[in-house]
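Take a look at the structure set out below.
Please treat every number below as a calculation from the coordinates, not as lab data. The structure presented is a predicted model; accordingly, all values stated were derived computationally and were not measured. Positions of Cβ are generated from backbone atoms using ideal geometry, with glycine treated the same way; all protein chains shown enter the neighbour counts.
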Amino acid sequence: MKLAFNRYLRLVAGVIALVAGMAAGATDFDARMRAAGLVDVTTLDEAITVDLKYATTDNFVGRNMYGSLRRAYVTRETGRSLQKALAVLRKVDPGYGFIIYDAARPLSVQRVMWDAVKGTPNEKYVAKPHRGGPHNYGMAVDIGLTLNGRVVDMGTPFDTFTTDAQITDEAGLVKRGRITAEAKRNRELLRQALRSAGFTTFSREWWHFTRYSMKYTRQHLKLLDF
């Protein structure tokens, strides 16, 4: 019975995501992002690349939720902070760069994500859409490191909803053989660079960084309600 119910939940989530993908395909998210005053991260520096996971099937929902969108957008202030963080990295090695997995996210997509995890153990990883989370204001990034154009080892893939992706006990993860010592160093380097530019972390996800508090964000930034 439990197995059948879980299959039913996956089927419902798949149908919701499929409908959302069709709607996203009919929405020009690029134009809406630019109209909101956001900037394409690849225009900030040639060392910033994009692998927009929610525009593919390689994500926890298993569907393209972004339609034809392939660019990642952030607020101008967040973009300047990314540039500052990249400058810190280049002092370590000029070959370092960033890869962006997600950035500004329309509220309509947030609703799809929430519906896919609501009532499951994974709902703690997704912000509720009724007020919007940091991505829905364009001031959060899901980000990794590249070195000389190659993605470096961070211990887990993006959107790994397990304790292996958490940043609270990475020494323990290394000790238990869950991640390598190199992956731990790479995570620490990423955090050092981004924190120096004003970003804050999320304990459950090594890849997630926000530029402002939600109190400041809701007072000063525009919700991407489309």
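Scan the chain and note any complete DSSP helix (H) whose C-alpha atoms cover at least 18 Å along its axis and whose Kyte-Doolittle average is 0.0 or more. Span-like helices here: 2-25. Which of the three applies to the stretch 79-181, rounded, prolate or oblate, going by the alpha-carbon gyration tensor with a ≥ b ≥ c and a/c under 1.5 meaning rounded? It comes out oblate by the Cα gyration axes.
What range in the chain is the longest one free of trypsin sites (Lys or Arg not before Pro) that are in a loop by DSSP and have at most 11 other Cβ atoms within 10 angstrom? Let's see the in-between values first.
Values: sites that count: 131, 176.
That gives 1-130 as the longest site-free run.
Using a/c under 1.5 as the rounded threshold, could you call the stretch 169-226 rounded, prolate or oblate? The axes a ≥ b ≥ c are square roots of the C-alpha gyration tensor eigenvalues, and prolate needs a/b larger than b/c, oblate otherwise.
prolate
Among the chymotrypsin sites (Phe, Trp or Tyr not before Pro) in the stretch 164-212, none is located in a DSSP loop while being surrounded by at most 13 other Cβ atoms within 10 Å of its own Cβ. Using only side-chain charges placed at the Cβ, +1 for Lys and Arg and -1 for Asp and Glu, the dipole size of the chain relative to its Cα centre rounds to 580 debye. Remark: relative contact order (the chain) = 20 percent; criterion is Cα-Cα distance under 8 angstrom and separation of 6 or more residues. Karplus-based coupling profile of the stretch 125-138, in residue order and whole Hz: 8, 10, 5, 5, x, 5, 10, x, x, x, 5, 6, 10, x, with θ = phi - 60° in 6.51 cos²θ - 1.76 cosθ + 1.60 and x standing for Gly or Pro. Structural descriptor for the stretch 17-118: relative contact order 34 percent, calculated from alpha carbon pairs under 8 angstrom and at least 6 residues apart. Which cross-chain or sequence-distant (5 or more) residues have an amide H under 5 Å from the amide H of residue 96, H modelled 1.01 Å from N in plane? Result for residue 96 returns 148.
So, counting K/R as plus one and D/E as minus one, what does the shell of residues with Cβ under 9 Å around residue 37 add up to?
On the way: positive: 34, 76, 222; negative: none.
With Lys, Arg at +1 and Asp, Glu at -1, the net is +3.
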